[in-house]
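A short worksheet on the structure shown next.
Laboratory data are not the source of any read-out in this text; all were calculated from the coordinates shown. The structure displayed is predicted, hence computed values, not measured ones. Quick reminder, even Gly has a Cβ in these numbers, built from the backbone with ideal geometry, and neighbours come from all protein chains shown.
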Amino acid sequence: MAQPKVPTIEQLAAFPRMASFTVSPDGKHMAALEARGEDRVILVWDTANLGKKPTVIGAKSMKIQSVEFVKNDLLAVSFWQPYDLKSGPTTRKTFTGKLMLTDLEGKSWREPLVLPRAKSDDEELEQALSQPDVLDILPNDPDHIIVANNSGVNSGDIYRVNVRTGRSERIQRADEKTAGYITDLEGNLRARSRSGTDANGAFASTEIRKPDGGWEEIARSYAKDREIFTFVGFSKDPNIAYILSNRGRDKAAIYEYDIAARKLGALAFEHKFFDAAGVSTWPIKDEHFGELIGFRYEGPRSDQVLQSDRIAGLKSALDQALDVKATPITFVDPATGAKANTTYPVARYSQLISYSNDLNTVVAWVGGPNDPGAYYLLKNKKELSLLSKPHPDLDAAALGNSTLVYYKARDGLDIPAFLTTPSKALYGEGPWPTVIMPHGGPWARDHLEWDWSMWPQMLASRGYAVLQPQYRATSDGWGKKLWTAGDREWGGKMQDDKDDGAKWLIDTKVAKPGHIAMFGFSYGGYAAMDAAVRPNGIYKCAIAGAGVSDIGRIWARFYTNPFYREAQAPTVKGVSPLDYADKISIPIMVYHGVRDRTVPIEQSEWFVKKAKAAGKDVEYHEFVDYAHGPAWTRDIFGQQLKIIDDYFKTGCGGSGL
């Protein structure tokens, strides 16, 4: 048996060969992005004649990010490019994006919503950093879509846009307190969220539209309580909506809501171990109009419990054809410690990427957390053919194996985590050198799926075990207890969770003692900086990407909105690594993007300057066309991967990890 082939940096950094597959509602066309070196183009096929050469749509100054059908003959295309705005003696460097609509040949282009000319540098920057959102493609209307404006004095206003003529009609005027709208199956604005403050503090209100066009508040959720109570969809019955709520419970669930009675109804869906996330209903006006497709929840990955026999049957047939199998797994509830042994498609899973209204043209993807997989086309519910492998040069056997695990924190809290171990054919049975890799946010999470950052796959292919702890303060999927347990614990219990994960890996013979590092980006970069300044640590070295070194200054910059100031700012209390940068006890590499507007590059510069002035072992890299994650070129993306690879291979104090 041939030994797995370790991928090169160039292979890991390359664009997927094909991506962003989308099928027209009538099933007559299919589009996707094709990589051509540093650029990508749109290919459009006639699905009745896939052997015919596709139409190619390219771009000149901007780069294409994604493509999606909004009508049978119309594509929505997102672009981006570097953006420099000179304002006095300074130049603000960032990236700008644009959403455009085009025909299937790329001959006619139109913005979904034309904005007035900017009157100031600040207004120009705001327009550059925002673009309108398509709120509803109105699948039963061939000529219109619903669009939300996101900049200027009319930010938040909702428009009905004729995609043929470009004419827009404002159908709802918003104000600065309005957070967003939800449409029903007919495309009518039916619910919205707003923010405000009262004697009890900052709140988010949930409102329903009245028959006279006005709005009525039905609930308030206070930031300090970390409650969720929001509309997530409407049923075929215009009087029944769906509410997502975690009131009085640890895990968010979905309830029916009686609009006429203004009353929460029956529990529609809950998961004992994960937060519910949303609901899907069939929006096409045919014999299945309003059919409940399924309930979404934040499981090991973003999952769905299908309720539609049609969709469930289609998914089951695909899973069988593509050899997707559920395997044993254990779930643990961080709130109670309860356990359940069940089955789940851990190593290989499928997704329905896009399908026509009649379900006779379906694009599916199958792969896994360590396998970039392949795209398939299913025609007429029986003809299955391979479309493309996004990364055909990557040998999945070299990328390790990932699974969901749980370990105990020192205070007894169960911490979920995703563990990736290297290929035993390449690196033996272990224990292995190990990287603890906390996610950003921290109000975010990781998933048991293919990671387009390529960090865990690259590290595993180099022989490192990787632990991605879903430490306290992780907000999505694991329930309120794990979320709120991280309040005011930056550098405290949140950091203990990561260290406890490293110790657990030593105890279970996964991690090689003395050969453990921490690597993280954004909040993860903060955690890596904190690991470097923590006394009596267990790490040999650390890598901090775009890390926060001074939590006071970063959050003073962000929390100007009253709701977020009360919701998250009070939870961000603890250690600022900058205060101890002259006392770091392990080698650290720091890197940052010049175009980062989420965590300003000064946060890294301050830390590095103070540490170097004290004679500490610090390596520093800046990337010119790199933001808070996105790299303008694949070469820059590859450079970022390479410095991580090199540091763990030969740096980390001089002898590698």
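Using the Cα centre of the chain as the reference point, and only Cβ charges (+1 on K/R, -1 on D/E), how large is the resulting charge dipole? Debye, rounded to the nearest 20.
Values: 81 positive and 83 negative charges, 147 e Å.
So the magnitude is around 700 debye.
Please report, in Å, the Rg and the Dmax of the range 208-366, where both are computed over Cα atoms only.
Values for the range 208-366 (Cα only, Rg and Dmax): 18.0, 54 Å.
Based on Cα coordinates alone, diagonalise the gyration tensor for the range 573-657, multiply each eigenvalue by 5, take square roots, and list the semi-axes in whole Å, largest first.
Details: eigenvalues 100, 69, 18 Å².
For the range 573-657, the semi-axes come out at 22, 19, 9 Å.
Compute the signed sum of charges (Lys and Arg +1, Asp and Glu -1) over the other residues within less than 13 Å, Cβ to Cβ, of Gly248. Could you put the intermediate results ahead of the total?
Working: positive: Arg226, Arg247, Arg249, Lys251, Lys480; negative: Asp225, Glu227, Asp250, Glu270.
Residues near Gly248 contribute +1 overall.
Over the Cα atoms of the range 374-508, what is the Rg over Rh ratio if Rh follows Kirkwood?
1.07
Compute the Rg to Rh ratio over the range 426-478 from the alpha carbon atoms, using the Kirkwood formula for Rh, and round to two decimal places. Walk me through the numbers before you get to the answer.
Working: Rg = 12.5 Å, Rh = 12.2 Å.
When Rh is taken as the Kirkwood radius, the ratio is 1.02.
Can you tell me the order of 623-633, 105-115 when each peptide is scored by its average per-residue count of other Cβ atoms within 10 angstrom, highest first?
On the way: 623-633: 18.3, 105-115: 14.4.
Sorting 623-633, 105-115 by mean packing, highest first, produces 623-633, 105-115.
What is the distance in Å between the Cα centroid of the range 245-269 and that of the range 279-352?
Centre-to-centre distance over Cα atoms comes out at 21 Å.
Could you size up the charge dipole of the range 260-393 around its Cα centre, putting +1 on the beta carbon of Lys and Arg and -1 on that of Asp and Glu, and report it in debye to the nearest 20? Please list the in-between numbers first.
Details: 15 positive and 15 negative charges, 28 e Å.
The calculated dipole for the range 260-393 is roughly 140 debye.
Write down the Kirkwood hydrodynamic radius of the range 392-450, to one decimal in angstroms, obtained as one divided by the mean of 1/r over all alpha carbon pairs. Don't skip to the answer; put the middle values down first.
Details: mean 1/r = 0.0730 Å⁻¹.
One over the average 1/r among Cα pairs gives 13.7 Å for the range 392-450.
Just to be sure I follow: if Rg is taken over the C-alpha atoms of the range 601-646 and Rh is the Kirkwood radius over the same atoms, what is Rg/Rh?
Values: Rg = 12.4 Å, Rh = 11.9 Å.
With Rg and the Kirkwood Rh in hand, the quotient comes to 1.04.
Using only Cα atoms, what Kirkwood radius does the range 165-254 have, in angstroms?
About 14.4 Å, per the Kirkwood formula over Cα pairs.
Rounded, prolate or oblate: which fits the range 313-434, taking a ≥ b ≥ c as square roots of the Cα gyration tensor eigenvalues, rounded meaning a/c under 1.5, else prolate when a/b beats b/c?
Working: a/c = 3.09, a/b = 1.57, b/c = 1.97.
Since a/c reaches 1.5 but b/c is at least a/b, the shape of the range 313-434 is classed as oblate.
Students often check this: by mean Cβ neighbours within 10 Å, which of 517-529, 81-93, 267-279 ranks highest, and how do the rest follow? All intermediate terms of the calculation are to be shown ahead of the outcome.
On the way: 517-529: 29.0, 81-93: 11.8, 267-279: 19.4.
Sorting 517-529, 81-93, 267-279 by mean packing, highest first, produces 517-529, 267-279, 81-93.
How big is the shadow of the Cα convex hull of the range 258-313, averaged over all directions, in nm²? Before the final figure, lay out each step's value.
Values: hull surface 21.1 nm².
The directionally averaged projection comes out at 5.3 nm².
Tell me the net charge near Lys612. Cut-off is 14 Å between Cβ atoms, Lys612 excluded, with +1 for each Lys or Arg and -1 for each Asp or Glu.
Values: positive: Lys583, Lys609, Lys610, Lys616; negative: Asp582, Glu605, Asp617, Glu619.
For residues surrounding Lys612, the net value is 0.
Normalised by the number of residues in the range 451-492, what is the relative contact order in percent for Cα pairs under 8 Å and 6+ residues apart?
In percent, rounded to a whole number, it is 24.
Using only Cα atoms, what is the ratio of the radius of gyration of the range 467-557 to 2.2 N^0.38 Å? List each step's numbers first, then the result.
Details: Rg = 13.4 Å, N = 91, 2.2 N^0.38 = 12.2 Å.
For the range 467-557, the normalised Cα radius of gyration is 1.10.
Give the separation of the Cα centroids, the range 594-618 to the range 43-104, in Å.
Their Cα centres are 35 Å away from one another.
About its Cα centre, how strong a charge dipole does the range 462-563 have in debye, to the nearest 20, once Lys and Arg get +1 and Asp and Glu get -1 at the Cβ?
Taking the Cα centre of the range 462-563 as origin, the dipole is about 140 debye.
Apply the a/c threshold of 1.5 to the C-alpha gyration tensor of the chain and tell me whether it is rounded, prolate or oblate.
Details: a/c = 1.36, a/b = 1.26, b/c = 1.08.
Here the chain falls in the rounded category.
Please compare each pair in Lys5/Lys512; Lys107/Lys389; Lys498/Lys540; Lys616/Lys642; Lys424/Lys509; Lys493/Lys642 to a cut-off of 21 Å on the Cα-Cα distance and tell me which ones are over it. The partial results should precede the final answer.
Working: Lys5/Lys512 24 Å; Lys107/Lys389 29 Å; Lys498/Lys540 14 Å; Lys616/Lys642 23 Å; Lys424/Lys509 14 Å; Lys493/Lys642 32 Å.
As for pairs spanning more than 21 Å Cα to Cα, those are Lys5/Lys512; Lys107/Lys389; Lys616/Lys642; Lys493/Lys642.
Please list log₁₀ I(q)/I(0) at q = 0.11, 0.12, 0.16 Å⁻¹ for the range 1-133, using the Debye equation with identical point scatterers on the alpha-carbon positions.
For the requested q values the scattering log ratios are -0.53, -0.61, -0.90.
Around Ser108, what is the net charge, scoring Lys/Arg as +1 and Asp/Glu as -1 over all other residues with Cβ under 11 Å from its Cβ? Working shown, then result.
Working: positive: Lys107, Arg110, Arg164; negative: Asp73, Asp103, Glu105.
Counting the neighbours of Ser108, the net charge comes to 0.
Binning every alpha carbon pair distance of the range 53-98 at 10 Å from zero, what are the percents per bin?
All Cα pairs, binned at 10 Å, distribute as 21, 39, 23, 12, 5, 0 percent.
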